[in-house]
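Taking it in order: structure first as C-alpha cells, then the write-up.
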Amino acid sequence: MAELSRRMRALVQPHLASIEPYDPAFAPCRINLSANENTYPVPEPVRAAIDAALAATPLNRYPDPMANALRDELAVWHGLARENVCVGNGGDELLFNFLFAFTGRGRTLVTCPPDFSEYAFFASLVEAGAVAVPRDPETFAVDGDALVAAAATADAVIITSPNNPTGNLVPLPLIERVCSACPGLVMVDEAYGEFAPAGSSAVPLIARHDNLLVLRTLSKAFGAAGIRLGYVLAAPDVIDVLAAVRQIYSVNVLTQAAATAAVRLRGAYRPVVDQIVAERARMTERMAALAPAGVTVWPSAANFLLVRVPAAAEVRRRLRDEYDILVRDFSATPGLAGCLRLTVGTPEENDALAAALTRLVTTEAKELS
Ligand code: PMP
C-alpha cells in the first residue's frame, strides 16, 4: 500500500499519518519458503478430524466468545487451567491486544531487535514508547544485563524465543531475571516454540512469575496459518485483562472447531516437526558449505534459517524470477544487512532452494557483483 492520501493524513489521528502497514512482500511462486509456514501436509487423521468437526459446526450461531472447549484442550496440553488461557485471531491479535492493554502513550515497551517487526508497528499504533535493547550484531544474542536494566523501568517487555528472524533462543534463567526485574509484564513470544529443543519453553515459569505471558500459535508447527489461531498462557488476572479488551467473537466457529480437533490430536504432528528439525540441520550444513562463496548461516531453533549472502536483494529477486522460489529479504532491516530468511520446507523444496542458491552465489557470483 502506498502512503496515505493527503486528505487521509489530515483526518487520521496524527500519530497514524505516516503509518505503513506490514508488508510480507508476497508473490505467487511454485515454492514459497517466505513466511515460515509449515509446508508439509496436515497428518491424515488430523485432516479427517478437522473436516468432520467443520462439517458438524452450525454456522448460524455466534461463537463461544472465549472458546472454552479449545481453552480446555490447550490447558490440558500445557498442564494449566482454562483460566490461564486466552485465544485470539492469530498471535498477531493477541500481540496487539497486549500492547493496547498494557502500554500506550507515555508507557514503554522493551524489545530486542532485530525481531518480529509487528512489535514496533503495533507499539506505534498505540503510541507506546519503544525501547530497543539491540542484539549482538554477530551472534544475535540478547544482552542480558542491558535487557534486565531496561526491563526494570518498563511497562512491558517482549522476548522472542526462538527469535524471528534470527532463530536463536533466549535462556530461561535470563527470562526469569527479566520477570523479576520488570514491574510490568513480560511476554515471551514462542510462535516457533515447537521446533526448539525440549526444555526451552518458558511455559513452566508461569507458575513462578505472575507477570509472565507466553504467546503461542497454530500457524507454524500445526500447519494452520490459514485458520488464524493464537493463544496466550498467563496468570488468571492477566488473562482477564486480555479477555476484557478482545473483540468478543474474534475467533470464529470454524476456527474453534478446527483448532480444537488439531490440538486434541497434537501427537500426530510430532513426526512432521521432527522432520522439519532434521531438514533444518541438513539445510544448515548445506548453507555452511557455501562459506567459501561468502555465505553465513546462523544456528536456528525454529523452522527457518537466517543466512547472509552477497548481493542478497538481487539473489532473492533471481530466486523468485528465475527459479520460482520465494524467500524473505531482510537486507534492508537494521542489523540484518545482506540477510535472507529461508523457511525450512519439505526435502524437495529445500533441495530446490539449496541448488538454486548455490548456483546464484557460486557459478554466477561474478554476474552479481
Ligand atoms: N510471533 C512471531 C515471532 C511470528 O513470527 C509470528 C508470525 N509470523 C507471530 C507471532 C504471529 O503469528 P500468527 O498471527 O500467525 O499466529
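The table for this structure:
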| quantity | calculated |
| --- | --- |
| Extension gain, ASP210 back to CYS29 (0.36 nm per residue minus Cα-Cα distance, nm) | 60.7 nm |
| Helix-derived mean residue ellipticity, 222 nm - over the chain, DSSP H n ≥ 4, -39500 (n - 2.57), to 500 | -11500 deg cm²/dmol |
| Relative contact order (%) - criterion: Cα under 8 Å, at least six apart; region: the chain | 21 percent |
| Chain lengthening between ILE19 and ALA149 when straightened (0.36 nm per residue, less Cα-Cα) | 43.8 nm |
| Trypsin sites (Lys or Arg not before Pro) within region 127-219: DSSP coil, no more than 13 neighbouring Cβ in 10 Å | ARG208 |
| Gain in span if fully extended, ILE248 to SER180, counting 0.36 nm per residue against the direct Cα distance | 21.3 nm |
| THR362-SER124 FRET efficiency (beta carbon distance; Förster radius 45 Å; 0.05 resolution) | 0.65 |
| Rounded FRET efficiency, nearest 0.05, which uses the C-beta distance separating VAL241 from ALA293 and R0 of 45 Å | 0.35 |
| Cα-based equivalent ellipsoid of region 44-267: semi-axis lengths in Å, sorted from largest, via gyration tensor | 30, 19, 15 |
| Global size of region 126-220 as Cα Rg and Dmax, reported in angstrom | 12.8, 37 |
| Semi-axis lengths (Å, descending) of the ellipsoid that matches the C-alpha gyration tensor of region 163-295 | 29, 23, 13 |
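Just so you know, all these numbers are worked out from the coordinates, no wet-lab data involved. Just so it is clear, the model here is predicted, and its values are computed rather than measured. Note: ideal-geometry Cβ built from the backbone for every residue, glycine included; neighbour counts use all protein chains shown.
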